[in-house]
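The values are calculated or read from the model by the stated rules, or taken from the named source; none is laboratory data. Keep in mind it's a predicted model, so treat the numbers as computed, not measured. With ideal geometry, Cβ positions are generated from the backbone for all residues, glycine too; neighbour counts draw on all protein chains shown.
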């Protein structure tokens, strides 16, 4: 009955190299636009499923996660919305390649998608989400699933020019809902059951 | 690589019957006493490991967890401190029997200990804990591990007379750090990756 905590290897930030590629603009310019587009899509396709990735690196033996920063304040996990009928894992690989891989046919990134660590539900066309489907909500509008993605010991990432890729330590995320929001600020709790193995590439 | 979300069966609260037994008094009467005793034990035995249980029931198809209430406000998960060298699972079974089982030789509770869902660290002899071992802390004072415990479809619980056993819905715990503290109030996020199967005993 007991499942042992899975081990996750984490490599130093310096194992990875970062370049840039063409901008990936946000589809909406305001929260109101985003919720309106969500409503239109819901009418056509039903509940939205989105998938996001936790990519881990280490500095000073402490885990950091990679976040995409838009403008000066807003941070998000790499990922996005599935196409209707698309599989979680295939969709997340597609989104990660679109957000973080070089657009070179010679360079195929082989994303290793691991465990789902959290699931969030959006009951209404509003910004608030919950880590359960609230009672009496029979038609949630979005289900967001967050997966661990296991990085290889070396990799090249190409970051869209309008975004910044940040490595943020768990101690900065923890208890910091003001800066990172409810989903990202509780990632440290969701990862706490895992055993991190800090690997040095030196 | 992908591990499917484990399924957890949850039975209605009405499947369980509750009686009382002799009081189980707290060993300390104040937080200061508790931290002082922790320090004395640390000198003798090293880092404390404690284990706690999430016991799930359902009402109106929404998951609830069982909490022990001491006095009028303080709530805790059933569990406690391991003996030096004691195994997590055996120690948690011992603590659950001491806190919640009838003291009848004819009635042996067979606790089914499931996944570890969270691990918290206490860096100093203080109340604050973190869901990671903070950088530069080489000698943490306590490690607390929280496990899912799978309840059978029927059971009898004997609750110490000085405690109350409450079934608290996830929506009451969520974002309620003021009432339940940082460990218990983020249980909804830690459970969100699980698939709950609501079973009706009717």
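What the table below lists for this structure:
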{"quantity": "Residue check, residue B:145 surrounded by 20 or more Cβ atoms within 10 Å (Cβ to Cβ), more than 11 Å from chain A (Cβ to nearest Cβ) and within 29 Å of residue A:198 (Cα to Cα)", "calculated": "no"}
{"quantity": "Selected residue (criterion: nearest to the other protein chains (Cβ to nearest Cβ)) from residues of the stretch A:148-167 that are within 22 Å of residue A:187 (Cβ to Cβ) and exposed (fewer than 14 other Cβ atoms within 10 Å of the Cβ)", "calculated": "A:152"}
{"quantity": "Residues within the stretch A:174-199 that are in contact (Cβ under 8 Å) with a residue 24 or more places away in the chain, facing chain B (nearest Cβ under 10 Å) and touching a strand residue (DSSP E or B) at 6+ places or on another chain (Cβ under 7 Å), tallied", "calculated": "8"}
{"quantity": "Residue match in the stretch A:85-108 (condition: surrounded by 14 or more Cβ atoms within 10 Å (Cβ to Cβ), in contact (Cβ under 8 Å) with a residue 40 or more places away in the chain and more than 14 Å from the chain's Cα centre (by Cα))", "calculated": "yes"}
{"quantity": "Members of the stretch A:50-65 found to be over 10 Å from the mean Cα position of the chain (by Cα) and more than 14 Å from chain B (Cβ to nearest Cβ), listed by number", "calculated": "A:57"}
{"quantity": "Options A:78, A:63: the member that is at pLDDT 95 or above, closer than 15 Å to residue A:145 by Cα, surrounded by 18 or more Cβ atoms within 10 Å (Cβ to Cβ) and touching a helix residue (DSSP H, G or I) at 6+ places or on another chain (Cβ under 6 Å)", "calculated": "A:78"}
{"quantity": "Test: residue in the stretch A:4-23 that is touching a helix residue (DSSP H, G or I) at 6+ places or on another chain (Cβ under 8 Å) and over 30 Å from residue B:150 (Cβ atoms)", "calculated": "no"}
{"quantity": "Selection count, the stretch B:145-202, where residues are under 21 Å from residue B:117 (Cα atoms) and assigned to a loop (DSSP other than H, G, I, E, B)", "calculated": "9"}
{"quantity": "Options B:200, B:175; residue that is farther than 19 Å from residue B:26 by Cα and exposed (fewer than 14 other Cβ atoms within 10 Å of the Cβ)", "calculated": "B:200"}
{"quantity": "Test: residue in the stretch B:8-24 that is free of Cβ contacts under 8 Å to residues at least 12 places away in the same chain, over 21 Å from residue B:116 (Cα atoms) and assigned to a loop (DSSP other than H, G, I, E, B)", "calculated": "no"}
{"quantity": "Residue within the stretch B:30-51 that is part of a strand (DSSP E or B) and within 16 Å of residue B:165 (Cβ to Cβ) present", "calculated": "no"}
{"quantity": "Subset tally (residues that are without any contact (Cβ under 8 Å) to a residue 24 or more places away in the chain and closer than 23 Å to residue B:180 by Cβ) for the stretch B:43-72", "calculated": "3"}
{"quantity": "Residue in the stretch B:44-57 that is farther than 20 Å from residue B:94 by Cβ and touching a helix residue (DSSP H, G or I) at 6+ places or on another chain (Cβ under 7 Å) present", "calculated": "yes"}
